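Please read the structure below before turning to the comments.
FYI, it's all coordinate maths here, none of it is from the lab. Every value quoted in this text rests on a predicted model; they were computed, and no experiment measured them. For neighbour counting, all protein chains shown are included, and Cβ atoms are generated from backbone atoms with ideal geometry for every residue, glycine included.
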Amino acid sequence: MPMILQWAALTFAIAAAGGVLLALSLMRQRFPHWLISFLHAFLGMAGILLVFAGVMQHSADTWLHVSLWIFVFTAVGGMAMSLQHARRQRPARSVVLAHASMALTAFVMLILTVQ
C-alpha cells in the first residue's frame, strides 16, 4: 500500500471514530458538540485530499477512483448535515445512516484496493 494511502486510511479511521460519537449523540437525542463535528469534517476532507494525492501519484485502478468519488459524495451529505448543525437542527436518522453507510463502503473499498 502506498504510504500516502496508508495515511488516508488512518485519517478516515480516526474520522470514523468521531462520526460514531456524533451518530450516538444524535441517536440519544442529544446535540453533538461542535468540536467533534468540526474535527470529523476536517479529518474527512484531509482523507479525501490524501486519497486524491495518492490517485494522482500512482496510476490507481478503477476501484480506488470509485472509492474517492463515494467519499466526495459522502462529504457533500456531511456538509448538508453541518449546515443543520450550525442551525441547531438535528438531521434525520436516515440521513445519518446513509452518510455512515456511504463512508463505510468507500473506506472498505479503499482498504481492499490498496492492500
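Brief remarks follow.
- Computed packing ranks the peptides 47-53, 88-94 as 47-53, 88-94, most packed first, by mean other Cβ atoms within 10 Å.
- Taking Cα atoms only, the orientation of helix 34-57 departs from the longest principal axis of the chain by about 20 degrees.
- Once the Cα atoms are used to define both axes, helix 93-114 deviates from the longest principal axis of the chain by about 20 degrees.
- Cβ-Cβ FRET estimate between PHE38 and TRP69, R0 fixed at 41 Å, reported to 0.05: 0.95
- Calculated SAXS-style log₁₀ I(q)/I(0) at q = 0.19, 0.20, 0.21 Å⁻¹ - the chain, Debye, Cα scatterers: -0.90, -0.98, -1.06
- Axis of helix 62-86 versus longest Cα principal axis of the chain: the two differ by about 20°, to the nearest ten degrees.
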